[in-house]
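FYI, it's all coordinate maths here, none of it is from the lab. All values derive from a computational prediction rather than experimental measurement. Using ideal geometry, Cβ is built from the backbone for each residue, glycine included, and neighbour counts are taken over all protein chains shown.
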There are 2 protein chains.
Amino acid sequence: MTPIDGADAIPDVEKDASGETLAAVRSLGPGAPALAFDVGGTDIKSALFDADGTALGLRRTPTPVVAGDRTHAILDRLDALAAELRDAHPEVVPQAVGLVVPGIVDADAGVGVFASNMGWRDAPLRDLARERLGLPVAFDHDVRAASWAEHRLGGARAYDDAVILVIGTGIAGALLVGGRPYTAGGYAGEIGHSPIADGPACPCGARGCLEAVASAGAIARRYREATGVVPDGAKDVIARAAAGDEVAAAIWDSALDALTMSLAQLTAVVAPEAVVIGGGLSRAGGALFDELRRRLAARLSFHRLPVLVPAELSGNAGLIGAALRARELT
Amino acid sequence: MTPIDGADAIPDVEKDASGETLAAVRSLGPGAPALAFDVGGTDIKSALFDADGTALGLRRTPTPVVAGDRTHAILDRLDALAAELRDAHPEVVPQAVGLVVPGIVDADAGVGVFASNMGWRDAPLRDLARERLGLPVAFDHDVRAASWAEHRLGGARAYDDAVILVIGTGIAGALLVGGRPYTAGGYAGEIGHSPIADGPACPCGARGCLEAVASAGAIARRYREATGVVPDGAKDVIARAAAGDEVAAAIWDSALDALTMSLAQLTAVVAPEAVVIGGGLSRAGGALFDELRRRLAARLSFHRLPVLVPAELSGNAGLIGAALRARELT
């Protein structure tokens with residue numbers, strides 16, 4: 001377990017692995033003060049939201065790295081972050097905690113069922129966090145919480161039937177059905193781990209998952225494997241493709257095709273009104289959105305094409321979703 | 001328009017194009033008497049359900065064939081069938097009509113939006129049928145009505161989150177979410193018209209639709225195109241594959257692979273508890289169900305595998321769903 005010598009020992013980071021910068025967080029509007037934590041494989045985002053809904057002490061710190069189950073190291077870190085936030089803002093008294101995590105999450109039971117990069121299996125994270133932090137804890141899946149935030153405050157505001165796709169190091173998704181998250185016991189929305197091709201192998205154990213072909217991480221990795229050149233992320237591969245690099249163009253084209261096939265399946269079967277795309281790759285702008293619109297229209301016929309819109313809270317949507325969930329407890 | 005000279009002129013049929021025979025219909029249980037019509041591209045199924053929920057006068061008659069929009073020819077036929085049923089059973093006074101049709105259906109608006117084999121576009125079928133038949137009309141999509149029947153009385157009884165797949169001449173699907181049909185304005189559940197491969201062209205205008213690769217109709221067609229031999233339906237191709245016919249084996253294998261890919265996408269994204277499979281191909285039994293279970297498990301990893309179960313009302317599920325919908329109006 002990584003020792004924590006107090007809040008001073010927690011290193012800040014300015015960017016995460018996907019190159020995302022820590023942006024200002026949109027205000028939640030008035031409500032109960034709450035602590036919010038978005039725990040990822042690389043970083044933990046944390047903030048104290050005050051009664052106006054403003055994020056105080058917003059920061060991103062590395063997720064503790066330990067062998068095996070990271071549950072207790074993470075709880076230690078959350079405890080230290082909570083203490084630091086409360087010390088820095090004694091006038092703001094949080095009434096609840098919002099905690100969101102990746103992987104397969106049973107939000108109703110408060111359990112982290114499985115997360116390959118966290119090492120836990122059936123971890124009762126809600127109860128553990130409540131005991132540790134001494135406050136009621138709202139517990140949810142990070143991307144479903146992000147989708148909730150996008151629905152309440154961001155790009156999915158106008159749509160009751162929507163899919164949120166976060167394309168960064170991996171690809172995560174969440175479904176909104178009738179204005180509510182559709183969870184299927186925590187198993188719904190795994191668009192990143194839906195098979196789209198015969199390969200390559202995916203760390204999840206399956207092969208040809210969309211994430212292994214078309215995530216920002218996969219695009220950079222595939223370019224590196226094909227050329228030996230380490231690109232500065234997917235955006236660099238896209239720029240090289242635009243500049244005439246044929247290897248980069250082939251990789252970007254196949255990523256767009258794979259994303260189009262996944263969106264076409266979604267459109268035919270789930271038929272969302274909108275697909276809200278966030279994460280590092282969404283910053284490719286028209287190179288992503290215009291191409292996906294064009295290819296999706298060409299791949300389908302009578303189907304109702306979804307509106308493709310960028311996420312508005314990208315990067316902080318999970319943290320905002322955690323705060324919104326915490327307020328629902330108060 | 002096909003002239004109708006009275007009920008005597010309506011020809012009965014014993015099988016539809018998929019080879020399905022007209023089986024006894026499970027009782028609905030007690031409730032209001034209702035007329036039910038399941039209008040398909042080939043046949044119309046019709047019956048009068050009495051207060052015990054027993055189907056009286058159940059029959060299958062050819063759908064009138066006319067150039068262009070078949071709406072009015074079909075209304076003429078429904079009127080004749082209704083008159084015949086009421087004449088034959090004067091003691092049973094229907095309180096409502098259930099009418100289900102294929103294609104893109106906006107059940108809330110009562111509109112048949114589009115159906116390639118019916119020729120209509122934005123046809124106000126509920127209102128037209130109400131005027132013609134003089135009774136309140138419940139209007140729905142045939143496969144969503146069938147899924148509702150399977151949920152209330154058949155193979156999906158135990159599951160609130162389920163997908164119903166009807167694999168016959170084509171492939172149609174419907175989603176149950178939280179025990180209710182999920183419609184997305186009529187566009188959800190088009191699993192048959194989700195792209196799964198680069199070809200062949202599909203009559204819907206897209207290419208590589210699941211229906212064009214793996215429906216019972218496609219399996220028979222593909223065998224005929226590959227060999228010049230006209231098989232006795234998909235079941236004959238499956239039997240030839242089992243008997244060592246390599247062309248038949250390759251076609252059946254690729255159909256199973258395509259179905260597996262669609263089910264894998266469904267499992268990852270929608271994560272239903274169960275997939276209920278009906279239609280002609282479901283009668284392949286273990287050759288279909290055991291193979292799909294094995295291939296689906298091999299294709300995925302942490303995902304929650306759905307139970308694959310045969311439809312129980314197959315063939316009459318749409319008609320039963322129509323009757324259930326009609327009773328909801330009374």
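Would you mind working out the magnitude of the charge dipole of region B:77-161 relative to its Cα centre, with +1 at each Lys and Arg C-beta and -1 at each Asp and Glu C-beta, to the nearest 20 Debye?
100 debye
On alpha carbon coordinates alone, what is the Rg over Rh value for chain A, Rh being the Kirkwood radius?
0.97
What is the angle, in °, between the Cα long axis of helix A:233-242 and the longest principal axis of the Cα atoms in chain A? Nearest 10 is fine, range 0 to 90.
Roughly 20 degrees between the two axes.
Relative to the longest principal Cα axis of chain B, at what angle does helix B:286-299 sit, 0 to 90 degrees, rounded to 10?
So the inclination is approximately 60 degrees.
I need the calculated FRET efficiency for the pair B:Ser27 and A:Thr42, taking r as the beta carbon distance and R₀ as 56 Å, to the nearest 0.05.
0.40
Could you pull out every residue, at least 5 positions away or on a different chain, whose amide H is within less than 5 Å of the one on A:Cys202? Hs are placed 1.01 Å off N in the peptide plane, and Pro or chain starts have none.
Answer set, sorted by chain and number: A:Arg207, A:Gly208, A:Cys209.
When the Kirkwood radius is taken over all Cα pairs of region A:59-135, what Stokes-Einstein diffusion coefficient follows at 20 °C and 1.002 mPa s, in µm²/s?
Diffusion coefficient, whole number: 161 µm²/s.
Based on the Kirkwood radius over alpha-carbon pairs, what value in µm²/s does the Stokes-Einstein equation return for the translational diffusion coefficient of region A:225-286 at 10 °C and 1.306 mPa s?
After rounding, the answer is 121 µm²/s.
Which value in deg cm²/dmol, rounded to the nearest 500, describes the helix-derived mean residue ellipticity at 222 nm for the protein assembly as shown, given -39,500 (n - 2.57) per DSSP H run of n ≥ 4 and division by the residue count?
-11000 deg cm²/dmol
In percent, what relative contact order does chain A have, based on Cα pairs under 8 Å that are 6 or more apart in sequence?
With pairs under 8 Å counted, the relative contact order is 19 percent.
Using a cut-off of under 19 Å, list every residue of region A:73-104 whose amide N is near the label point 7 Å from the Cα of A:Thr330 along the Cα-to-beta-carbon line.
Output list for this probe position: A:79, A:81-100.
With no solvent and one equal point scatterer placed on each C-alpha of region A:208-254, evaluate the Debye formula and give log10 I(q)/I(0) for q = 0.15, 0.18, 0.22, 0.32 Å⁻¹, two decimals.
Cα-only, vacuum Debye calculation for region A:208-254: -0.29, -0.42, -0.63, -1.26.
Once amide H atoms are built 1.01 Å from N in the peptide plane, which residues 5 or more positions from A:Ala47, or in another chain, come under 5 Å H to H?
Those lying under 5 Å, H to H, from A:Ala47 are A:Ala36.
Please state the shape class of region A:273-330: rounded when a/c is under 1.5, otherwise prolate if a/b exceeds b/c and oblate if not, all from the C-alpha gyration tensor.
oblate
Relative contact order for region A:92-170: what is it in percent, counting Cα pairs under 8 Å that are at least 6 residues apart?
So the answer I get is 27 percent.
Mind sorting B:Phe37, B:Phe49, A:Phe289 by how few other Cβ atoms lie within 10 Å of their own Cβ, fewest first?
Placing the least packed residue first, the sequence is A:Phe289, B:Phe37, B:Phe49.
Positive end of the dipole of chain B, charges at C-beta (+1 Lys, Arg; -1 Asp, Glu), about the Cα centre: which of B:Ala34, B:Ala264, B:His72 has its Cα farthest in that direction?
Positive-most Cα among the choices belongs to B:Ala264.
Roughly speaking, what is the centre-to-centre gap between region B:40-66 and region A:37-66 when only Cα atoms are used, to the nearest Å?
62 Å
What number, in percent, do you get for the relative contact order of region A:174-215 if the mean sequence gap of Cα pairs under 8 Å and at least 6 apart is divided by its residue count?
27 percent
Would you work out the charge dipole size for chain A about its Cα centre, treating the Cβ of every Lys and Arg as +1 and the Cβ of every Asp and Glu as -1, and quote it to the nearest 20 debye?
660 debye
With the cut-off at 1.5 for a/c, could you classify region B:231-330 from its C-alpha gyration tensor as rounded, prolate or oblate?
Oblate is the answer for region B:231-330, as a/c is 1.5 or above yet b/c matches or exceeds a/b.
Mind giving me the nanometre distance, one decimal, between the label points for A:Gln95 and B:Glu246, set 7 Å out from Cα along Cα→Cβ?
Using points 7 Å along Cα→Cβ, the separation is 7.4 nm.
No solvent, one uniform scatterer per C-alpha: report log10 I(q)/I(0) for region A:157-310 via the Debye equation at q = 0.11, 0.12, 0.19 1/Å, two decimals.
These q points yield log10 I(q)/I(0) values of -0.40, -0.48, -1.18.
What does the extension gain come out to for A:Ala67 and A:Asp52, with contour length at 0.36 nm per residue minus their alpha carbon separation?
1.4 nm
Placing unit charges on C-beta atoms (Lys and Arg positive, Asp and Glu negative, everything else neutral), compute the dipole magnitude of the protein assembly as shown about its Cα centre in debye, rounded to 20.
320 debye
When each pair of different Cα atoms in region B:87-242 is counted once in the 1/r mean, what is the Kirkwood radius in angstroms, to one decimal?
About 17.5 Å, per the Kirkwood formula over Cα pairs.
Order of B:Thr227, A:Thr61, A:Thr260 from fewest to most other C-beta atoms within 10 Å?
Listing B:Thr227, A:Thr61, A:Thr260 from fewest to most nearby Cβ atoms yields B:Thr227, A:Thr61, A:Thr260.
Rounded to the nearest 10 degrees, what's the angle between the helix A:317-328 long axis and the longest principal axis of chain A, both from Cα atoms, 0 to 90?
On a 0 to 90 degree scale, this one is about 40.
Please work out whether the protein assembly as shown counts as rounded, prolate or oblate from its C-alpha gyration tensor, where a ≥ b ≥ c are the square roots of the eigenvalues and a/c under 1.5 means rounded, while otherwise a/b larger than b/c means prolate and anything else oblate?
Prolate, since a/c reaches 1.5 and a/b exceeds b/c.
Which one of B:Leu210, B:Ala188, B:Ala162 has its Cα pushed farthest toward the positive end of the charge dipole of region B:157-310, where Lys and Arg give +1 and Asp and Glu give -1 at the Cβ?
B:Ala162
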